[in-house]
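Asker: Sharing a structure here in structure tokens format.
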Ligand code: SF4
Ligand code: SF4
């Protein structure tokens, strides 16, 4: 059975950590009582603990799936875990006493809007907040608590010359094998067959909070006011009309790309049960080639509309995840088959001044040795490939190849044909280079989203495109 | 007198122990009665009202739900003390249980707590004794659900699955086989609840008007009986959903209004537990003589038997 999924790629190189995405999302969807603490979109600083604190530590939170004798089981069932995260795992929401700016008595110093507890209105000391790691440049404290260090000798990365950081924006991954959905005894969570968006039916939900435990990304948020759980809805009212999510639209770094991928529904469970080393590869395999006539025929037979198939052929997600293999899923070892992908950050090569006072860097032909990059490959592999370093190397090499190609053309004045060997060495061609340049560098057509409604389809341009 | 009281207690304990030991819900093999005396005047909402202390209580054993996900993780035996009364227009159910911790949910920013909770289940068709685990399509159940900090809700389970989507829509229902329970519309929210936690125990009063206009909520009449079952969730163990303890079916026997209203102190409430092999009487100490109790118990057993046989006949014809 061929199904369509609207999904996203985030290119981490370009994220500037401005949190515009989080703020936009907050104002559109969660600026309400009961969701004060909830950030359907949040941006984390890595190395760091993230939000909620150390959410990747499933021994603590019990999220995702485990493979037991070849069978997938919810970790919360294996652990017999019944307790959801506490508010202190997120943070105590606060506001500022802006009134004081207008009502304070005349005095020598400037009036201050002091922080107040969002629930009680009482003055409070802020001890933690989402991305606290970054706000107080606290990586030297919290960075060590990052679960992705695992097998790494982390201490050397806290030496001044070896340090690194990058931002990690996160939303619900609208997984193909969602643990949140599986854990709900009320069957209140469903994955829309037409576009794969995972939603919680607010009428059916009775606030049991199994989903808040089961989601390994901690992307379901219990609303204490309504007594029901809520999550990112991938801005479905916008997506249905061919518009991108608000986080995508407002993204300052233009890091977010949205598009359709076609996948083989029958293979989902098999892919989710693959050995850890193979998880990324197998997830790629179930994404289908939208140009393959057999796939097109089957998609049509399974009710995928024509405009979805067309969108899948132009989809940046298809190209970046499946064709070029430069995008990777976040923590595939949780086995939910997350459908938001990340292009891992390229980062400077560690250089040193040589005897002549010049910077040197090791080069492996023209491509710098990947393992000399500042961010340890293992760290990225733990985050994006269940520890499989080869997947990360492949992605980074291709990103460097495309830069090298354009450097040869633009700086060294070589013709494209002359420079093409850098691409070919890394399994790319001139056409790929052109597409990559348009998408990654110029940021054109960052979303290609088919409209859902026939009546809207007639009124809107066939292809809604990015700026 | 003392000996018969002891025997009764032991028998109840044996029943409780057996049902707990089995770890399953004793369903239709149990047919115990909870007498619902007629009281003149208004029924007190206050859990501390004198009346609730005066009425005799049935001891309802509860066992862990171990059939469907999410299972109960606690298999210790639990008991509810239950009594009820009606005044011709309203029915009140009083439930008392001991609980070391008061668990209330819904405080601002509290994502972690689960309130202590109670459910009382009735058949939608008063004459029926539906499948004990929240009914089925043929015989749905009406459930009043109370959770500390959240209040009371009137629910229906099993009503809509098996029906075509169109029919479900027409009835305004949405349940499915895998998820049978749903909240009734606002006009069917007829229960009021008041609870109090003191000295290690909860006291809960649930009151509803006897009549109902909603087809999913049974109407009750003085002089008639209706099946009833109970469930309890322990908040400190984070019990919710299927993670709960439940009872088998009991019978609420509503006293007729025509009968002279007995003063509460003179009410003789006898709970009779009948299993397939034994008949056990629990005679409360308030009874003046063992003979009176025995006669009353026998009379009620006979009436129950007659009702049971009559109902069975009615069902088979
Ligand atoms: S990220 Fe979490 S909430 Fe979103 S679909 Fe996956 S398991 Fe569910
Ligand atoms: S708006 Fe874009 S650039 Fe800014 S933090 Fe969010 S993802 Fe990063």
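Asker: Rg over Rh of segment A:58-182, using C-alpha atoms and the Kirkwood radius, what does it come to?
Answerer: 1.11
Asker: Using only atoms on other chains, find how many Cβ atoms lie within 10 Å of each Cβ of peptide B:103-111 and report the average.
Answerer: That works out to 6 on average.
Asker: If each of residue A:403 and residue A:187 carries a label point 7 Å out from its Cα toward its Cβ, how far apart are those two points in nm?
Answerer: Label-label distance for residue A:403 and residue A:187, simple model: 5.1 nm.
Asker: Given the peptides A:212-225, B:196-209, A:10-23, arrange them by the average over their residues of other C-beta atoms within 10 Å, most packed first.
Answerer: A:212-225, A:10-23, B:196-209
Asker: On to the next question. Between residue A:162 and residue A:424, what is the FRET efficiency for a Förster distance of 22 Å, r being their Cβ-Cβ separation, to the nearest 0.05? Don't jump to the answer; show the numbers that get you there.
Answerer: Details: r = 34 Å, r/R0 = 1.53.
Once the sixth-power term is evaluated, E becomes 0.05.
Asker: Separation between the residue B:183 and residue A:33 pseudo-spin-labels, each 7 Å from Cα along Cα→Cβ, expressed in nm?
Answerer: 1.6 nm
Asker: Order of A:101, A:181, A:106 from fewest to most other C-beta atoms within 10 Å?
Answerer: A:106, A:101, A:181
Asker: Sort A:235, A:184 so that the residue with the fewest other Cβ atoms within 10 Å of its own Cβ comes first and the one with the most comes last. Before the final figure, lay out each step's value.
Answerer: Values: A:235 22, A:184 26.
Sorted ascending by nearby Cβ count, the order is A:235, A:184.
Asker: Can you sort B:182, A:391 by how many other beta carbons sit within 10 Å, fewest first? Mind showing how you got there, number by number?
Answerer: Working: B:182 21, A:391 25.
In increasing order of surrounding Cβ atoms, one gets B:182, A:391.
Asker: Once every DSSP H run of n ≥ 4 in chain A is given -39500 (n - 2.57) and the sum is divided by its residues, what mean residue ellipticity at 222 nm do you get, rounded to the nearest 500 deg cm²/dmol?
Answerer: -7000 deg cm²/dmol
Asker: Just report the Cα centroid separation between segment A:232-281 and segment A:96-136, whole Å.
Answerer: The two parts, judged by their Cα centres, are 38 Å apart.
Asker: If you take the beta carbon distance between residue A:266 and residue A:114 as r and set R0 to 51 Å, what does 1/(1 + (r/R0)^6) give as a FRET efficiency, to the nearest 0.05? Walk me through the numbers before you get to the answer.
Answerer: Values: r = 58 Å, r/R0 = 1.13.
The calculated FRET efficiency here is 0.30.
Asker: On average, how many beta carbons from a partner chain sit within 10 Å of the beta carbon of a residue in A:176-187?
Answerer: Shielding by partners across A:176-187 averages 2.
Asker: Take peptide A:210-222, look around each residue's Cβ out to 10 angstrom, count Cβ atoms belonging to other protein chains, and average those counts.
Answerer: The mean count of partner-chain Cβ atoms within 10 Å per residue comes to 1.
Asker: How large are Rg and Dmax for chain A when only the alpha carbon atoms are used, in Å?
Answerer: Spelled out, the Cα radius of gyration and Dmax of chain A are 23.1, 77 Å.
Asker: What share of all Cα pairs of segment B:29-76, in percent, falls into each consecutive 5 Å distance bin?
Answerer: Spelled out per bin, shortest first, that is 4, 14, 16, 15, 12, 13, 14, 9, 3, 0.
Bear in mind that the values in this text are calculations on the coordinates, not laboratory data. What you see is a predicted model, and the numbers here were worked out from it, not measured in a lab. Ideal geometry is used to build each Cβ from the backbone, glycine not excepted, and the neighbour counts take in all protein chains shown.
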